[in-house]
1. Residues that are of a type in the set (Ser, Thr, Tyr) and open to solvent by 80 Å² or more (accessible area, probe 1.4 Å): does segment 84-107 have at least one?
2. If I filter segment 39-75 down to residues being β-branched (Val, Ile, Thr) and within 14 Å of the chain's Cα centre (by Cα), which single residue comes out as surrounded by the fewest Cβ atoms within 10 Å (Cβ to Cβ)?
3. State all residues of segment 113-131 that are out of contact with any Gly (no Cβ under 7 Å at 6 or more places or on another chain) and not hydroxyl-bearing (Ser, Thr, Tyr); if no residue qualifies, say none.
4. Report, ordered by the first and then the second residue, all pairs with beta carbons closer than 9 Å, sequence separation of six or more or different chains, a first member in segment 2-18 that is without any contact (Cβ under 8 Å) to a residue 24 or more places away in the chain, and a second member that is basic (Lys, Arg) and open to solvent by 100 Å² or more (accessible area, probe 1.4 Å).
5. Exactly one condition in (1) assigned to a helix (DSSP H, G or I); (2) under 17 Å from TRP126 (Cα atoms) is false for THR15; which is it?
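The values are calculated or read from the model by the stated rules, or taken from the named source; none is laboratory data. Computed from a predicted model, the values in this text were never measured in an experiment. Note that we place each Cβ from the backbone using ideal geometry, even for glycine, and neighbour counts take in every protein chain shown. Ligands, DNA and RNA are excluded from the accessible area calculation, which covers all protein heavy atoms including side chains. Shrake-Rupley method; radii C 1.70, N 1.55, O 1.52, S 1.80 Å.
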Amino acid sequence: MNRINLICLGVTDMTRSLKFYRAIGFKTYETSDAPPIVFFDNQGTKLELFPLEFLAKDINEKHPPALSSGGFSGITLAINMKSTDEVDRFFALVEQHGGEIVKPPEKPAAWDGYSGYFRDPDGYYWEVAYGKNWSFDENDMLIID
């Protein structure tokens, strides 16, 4: 069975990252401002924030992988919206709460949509996109034919 139940982002400052993700609309039952770990509920998955140093040691305690110095890791995360207005409102929210807009939303020539990218406080890249031919199921999961 293929599924992804949890996506974990290693963060350098839990308080800062938790505040950012709460501010842009991610929901959690966590009440502390500096927990050792936090989970956000999404439709079908959870987003986890975990201290980066501990995440590396969880992979291999004796020889943890080298920590990135902020370069591009080749992984992006995506939020798919139902309209261009939703994309624009979300980008405004991200910018208001300290996210770095690295590519403002635009209509790409390669596909009939509208998208842009931002970076969170730890440098993770997120695409926020809308496609006029997209549809969503009853759980708001994007249907890709």
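1. No; the residues of segment 84-107 include none that is of a type in the set (Ser, Thr, Tyr) and open to solvent by 80 Å² or more (accessible area, probe 1.4 Å).
2. ILE75
3. Across segment 113-131, the qualifying residues are GLY116, ASP122, TRP126, GLU127.
4. Listed pairs, sorted by first residue: none to list.
5. (2)
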